[in-house]
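The values are calculated or read from the model by the stated rules, or taken from the named source; none is laboratory data. If you're wondering where the values come from, they're calculated on a predicted model, not measured in any experiment. Counting neighbours? That spans all protein chains shown, and the Cβs are built from the backbone with ideal geometry, glycine included.
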Amino acid sequence: MLLYGVALKCYYPIVTLIASLSHRDPFILPLGDERLLALLAHDEFGRVDYSDHLMLIRAFNKYVSTLPRQKQQICRQYYMAAPSMKMIEGIHVQLTFELKRLKLIPENARIDDSELNLDSASWPMIQAAIVADCYPGIGVAKCQSRIKKIRTSTDPSAVLHPGSVLKRQLQGSRRHESLLKYGDNPEPLIDFMAFQELSQIDEGITLQTVTATTSVHVVLFSGSSRMEKVIIRDF
């Protein structure tokens, strides 16, 4: 994914994602009545964009933009594990150092360098890098917006993990009122989802860390990065 971030000029959000995925999930979901408070806090990062990946990016951006003396308070406010966020921040810096050492990015480049981040504000570009990284982790929704079962390359009837932000957003009329401030638009017709991993829980096989994506992204980026010469020649 990191090389796609460099190639697609969306370096900062992609290195943020890799750092976040390299460590344990920073979000805390307590039991009891406090669980709803945590979900409401996480909604500020998830909004209604149907992406666990984008939620991680926004959470990290919130953390690093906070003054050092206020980071603990921000973590408590948004139900994030402070040690995890600190570790993710360290991995974030280390990844850039390693790319410089390997001469994959200029030695004097900053992590927010404009040349590396021409398309960092372009969600379709970020989606492209996510799809390329997740492959073959691509799920096909059988019922489009009313997702009940998801077909993957290894399981014909997987479901969304309870911790996925998509699970909360794809509730139709039962969507929590806290999400309405981000838009009351009809749910999109979701055909494809990129996911990081499958896990077995009581509900069955579930998709974890999921992003809704498009058929164009799947066609262009969910496959081998190499092609035989004959294919290129015929094209």
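Can you say whether D119 is touching a helix residue (DSSP H, G or I) at 6+ places or on another chain (Cβ under 8 Å) and among the acidic types (D, E), as far as the supplied structure shows? Yes; evaluated as a whole, the condition is true for this residue. The test for being touching a residue at least 24 places away in the same chain (Cβ under 8 Å) and either of a type in the set (A, V, I, L, M, F, W, C) or out of contact with any Cys (no Cβ under 7 Å at 6 or more places or on another chain) (or both) holds for D43. Of the residues making up the stretch 24-55, those that are surrounded by 17 or more Cβ atoms within 10 Å (Cβ to Cβ) and of a type outside the set (A, V, I, L, M) are P26, F27, H42, D43, F45, G46, R47, D49, Y50, S51, D52, H53.
If you check I150 against the conditions, is it modelled with pLDDT of 95 or more, touching a strand residue (DSSP E or B) at 6+ places or on another chain (Cβ under 7 Å) and not assigned by TED's automatic domain parsing to the domain that holds Y11?
On the way: modelled with pLDDT of 95 or more: no; touching a strand residue (DSSP E or B) at 6+ places or on another chain (Cβ under 7 Å): yes; not assigned by TED's automatic domain parsing to the domain that holds Y11: yes.
So I150 does not fit the description; no.
Annotation: Y78 fulfils all but one of (1) at positive phi; (2) touching a strand residue (DSSP E or B) at 6+ places or on another chain (Cβ under 9 Å); the unmet one is (1).
Please go through the stretch 69-126 and give me each residue that is among the aliphatic types (A, V, I, L, M) and in contact with a Phe, Trp or Tyr (Cβ under 7 Å, 6 or more places away or on another chain), ordered by number. It would help to see each step written out before you state the result.
The initial filter retains those residues of the stretch 69-126 that are among the aliphatic types (A, V, I, L, M), namely 74, 80-82, 85, 87-88, 91, 93, 95, 99, 102, 104-105, 109, 111, 116, 118, 121, 125-126.
Correct list: I74, M80, M85, I88, I111, L116.
From the set of residues in the stretch 1-40 that are without any contact (Cβ under 8 Å) to a residue 40 or more places away in the chain and assigned to a helix (DSSP H, G or I), which is farthest from Q208 (Cα to Cα)? Filtering the stretch 1-40 for residues that are without any contact (Cβ under 8 Å) to a residue 40 or more places away in the chain and assigned to a helix (DSSP H, G or I), the one farthest from Q208 (Cα to Cα) comes out as A7. Restricted to the stretch 88-114, and to residues there that are in contact with a Pro (Cβ under 9 Å, 6 or more places away or on another chain) and in contact (Cβ under 8 Å) with a residue 60 or more places away in the chain, the residue that is surrounded by the most Cβ atoms within 10 Å (Cβ to Cβ) is I88. Assess whether A194 counts as being among the aliphatic types (A, V, I, L, M), in the same structural domain as P156 (by TED's automatic domain parsing), closer than 17 Å to T154 by Cβ and at pLDDT 85 or above. Yes.
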